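*Asks:* Take a look at this one; I'll ask things after.
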Amino acid sequence: MGLHHVDGYVLLLQGENILPFLDGLSSNLVNGPCTTVFTDRAAKIIDACDVLVIGENVALVGYGDEKDRLTRHLLDHLLGQNIQIRDISSLNKIYIGDGEEDYPPGATVHEGWFGTVCILGNSIDFEPTWTEEDWREHRIQNAIPFAKHEVTSRHHPFACGLAELVHSSKGCYLGQEVLTRMRSRGKFGHRLAVKENPVTGATTVGKAHSLSIERIQ
Amino acid sequence: MDCGTCESASPLQVHVPDEVEVDLTMTDKARDMLTDAFGDDRSHALLVGVLSGGCSGYMYDLQIVESTETPCQELNINGFRVLVPRASSHLLNGIEIDYVDRLMGGGFKINNPNASSSCGCGESFA
């Protein structure tokens, strides 16, 4: 059991019809708390985020370097909708783990696809129980892709193991046509693999095994 | 999560494109269909809007409305009141509203010279 501190960002969305707005721009069905992938027209990943519903507000938690790109993407599609976006990353710390942790009072906990996400305000003292290496081994054991390693803008969701975050019947969203065509034809190009070391071109290197994105022959 | 002080994080600035005076046309077929829909009642208007989403990023949104709280430009096209949201004017200038008469995929269509691409069903564009 453990919890690891990750570099990430938290965007707070306030206003009306926030979930439908996010649903129209990402691959998973967003009608409540979930994890979803924002893709571009070519279905390449902008970022994969956890969606937290906090009262009438929604928080988007991302783990990659794509905060600015995702923010611009969201703002470009607002078109006068009554939604305000605030960057509250600097007020909080983000932890992720296997969900078997005792969380301190004041923690916002979300069961996400990558793991259990815990967000704590900066004023709350908390010592993470997992090191970077613990988190890495956990990811490799469970074939969990993650930002900066497998989940990058070079890949589409199917290539890096995020097929479960691509809803098959939710309707249109940016990148949907490309992903639906891949799924219906069964042609994904690449896939996430867990392999015994040594692994050439590994995206996450572990002690005995590694994650890599391999071409499907 | 520290949201209690989120007011200290100011909203991110939205880049609002300049509003343009929308020039919009309508084919004869579309005009005929709207005549059928409106009848003699001209108190309602055709709202031509854009929503985010769809396969290409933006989706057309056609509604017959009495009024709207959305700030709009009001046009008179072939005797019909047409409302275009100001926030979407840069995306809709120059469009042609058409009507395609076929059993599958028929209905009102937008031909948009601003669209660099559109999805297969024609409901969304980029």
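*Asks:* What pairs can you find where one residue is in the range A:202-216 and over 14 Å from residue A:151 (Cβ atoms), the other is in a strand (DSSP E or B) and among the β-branched types (Val, Ile, Thr), and their Cβ atoms are less than 7 Å apart, with a gap of 6+ or different chains?
*Replies:* Here the result reads A:209/A:194; A:210/A:204, each pair linking the range A:202-216 to a residue that is in a strand (DSSP E or B) and among the β-branched types (Val, Ile, Thr).
Every residue, every condition in (1) in a loop (DSSP other than H, G, I, E, B); (2) more than 23 Å from residue A:96 (Cβ to Cβ); (3) more than 10 Å from the chain's Cα centre (by Cα), yes or no:
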position	(1), (2), (3)
A:19	no, no, yes
A:38	no, no, no
A:50	no, no, no
A:58	no, no, yes
A:64	yes, no, no
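*Asks:* With respect to the numbered conditions (1) surrounded by 23 or more Cβ atoms within 10 Å (Cβ to Cβ); (2) away from every other protein chain (no Cβ under 11 Å), which one is the sole condition not fulfilled by residue A:32?
*Replies:* Failing condition for residue A:32: (1).
*Asks:* What are the pairs, 6+ residues apart or on separate chains, where a residue within the range A:85-113 that is at the interface with another protein chain (Cβ under 9 Å from one of its Cβ atoms) has its Cβ under 7 Å from a residue that is part of a helix (DSSP H, G or I) and not basic (Lys, Arg)?
*Replies:* A:85/A:71; A:85/A:74; A:85/A:75; A:86/B:6; A:88/B:6
*Asks:* Of all residues being without any contact (Cβ under 8 Å) to a residue 60 or more places away in the chain and β-branched (Val, Ile, Thr) in the range B:57-91, which is farthest from residue A:82 (Cα to Cα)? Just the residue, please.
*Replies:* Of all residues in the range B:57-91, those without any contact (Cβ under 8 Å) to a residue 60 or more places away in the chain come to B:61-83, B:85, B:88, B:91.
Narrowing further to those that are β-branched (Val, Ile, Thr): B:64-65, B:68, B:70, B:77, B:82.
Values: B:64: 22, B:65: 20, B:68: 14, B:70: 10, B:77: 29, B:82: 23 Å.
Among residues in the range B:57-91 that are without any contact (Cβ under 8 Å) to a residue 60 or more places away in the chain and β-branched (Val, Ile, Thr), the one farthest from residue A:82 (Cα to Cα) is B:77.
*Asks:* If we scan the range A:170-185, do we find a residue that is more than 14 Å from chain B (Cβ to nearest Cβ), assigned to a loop (DSSP other than H, G, I, E, B), more than 10 Å from residue A:27 (Cβ to Cβ) and out of contact with any Lys or Arg (no Cβ under 6 Å at 6 or more places or on another chain)?
*Replies:* no
*Asks:* What pairs can you find where one residue is in the range A:164-189 and in the same structural domain as residue A:32 (by TED's automatic domain parsing), the other is surrounded by 12 or more Cβ atoms within 10 Å (Cβ to Cβ) and part of a loop (DSSP other than H, G, I, E, B), and their Cβ atoms are less than 6 Å apart, with a gap of 6+ or different chains?
*Replies:* Partner pairs satisfying both residue conditions: none exist.
*Asks:* Select, from A:65, A:40, the only residue that is acidic (Asp, Glu), facing chain B (nearest Cβ under 9 Å) and in contact (Cβ under 8 Å) with a residue 12 or more places away in the chain. So that I can check it myself, show each step before the final result.
*Replies:* Details: A:65 fails: facing chain B (nearest Cβ under 9 Å).
So the residue among A:65, A:40 that is acidic (Asp, Glu), facing chain B (nearest Cβ under 9 Å) and in contact (Cβ under 8 Å) with a residue 12 or more places away in the chain is A:40.
*Asks:* I'm trying to understand the selection: among the residues of the range B:30-68, which are loosely packed, with under 14 Cβ neighbours inside 10 Å and on the phi > 0 side of the Ramachandran plot?
*Replies:* Answer for the range B:30-68, where residues must be loosely packed, with under 14 Cβ neighbours inside 10 Å and on the phi > 0 side of the Ramachandran plot: just B:39.
*Asks:* Also: Any residue that is of a type in the set (Gly, Ala, Ser), surrounded by fewer than 18 Cβ atoms within 10 Å (Cβ to Cβ), on the phi > 0 side of the Ramachandran plot and not assigned by TED's automatic domain parsing to the domain that holds residue A:156 - is there at least one of those in the range A:86-94?
*Replies:* no
The values are calculated or read from the model by the stated rules, or taken from the named source; none is laboratory data. Computed from a prediction, not measured in an experiment: that's the story for all the values here. Glycine gets a Cβ as well: all are built from the backbone with ideal geometry, and neighbour counts include every protein chain shown.
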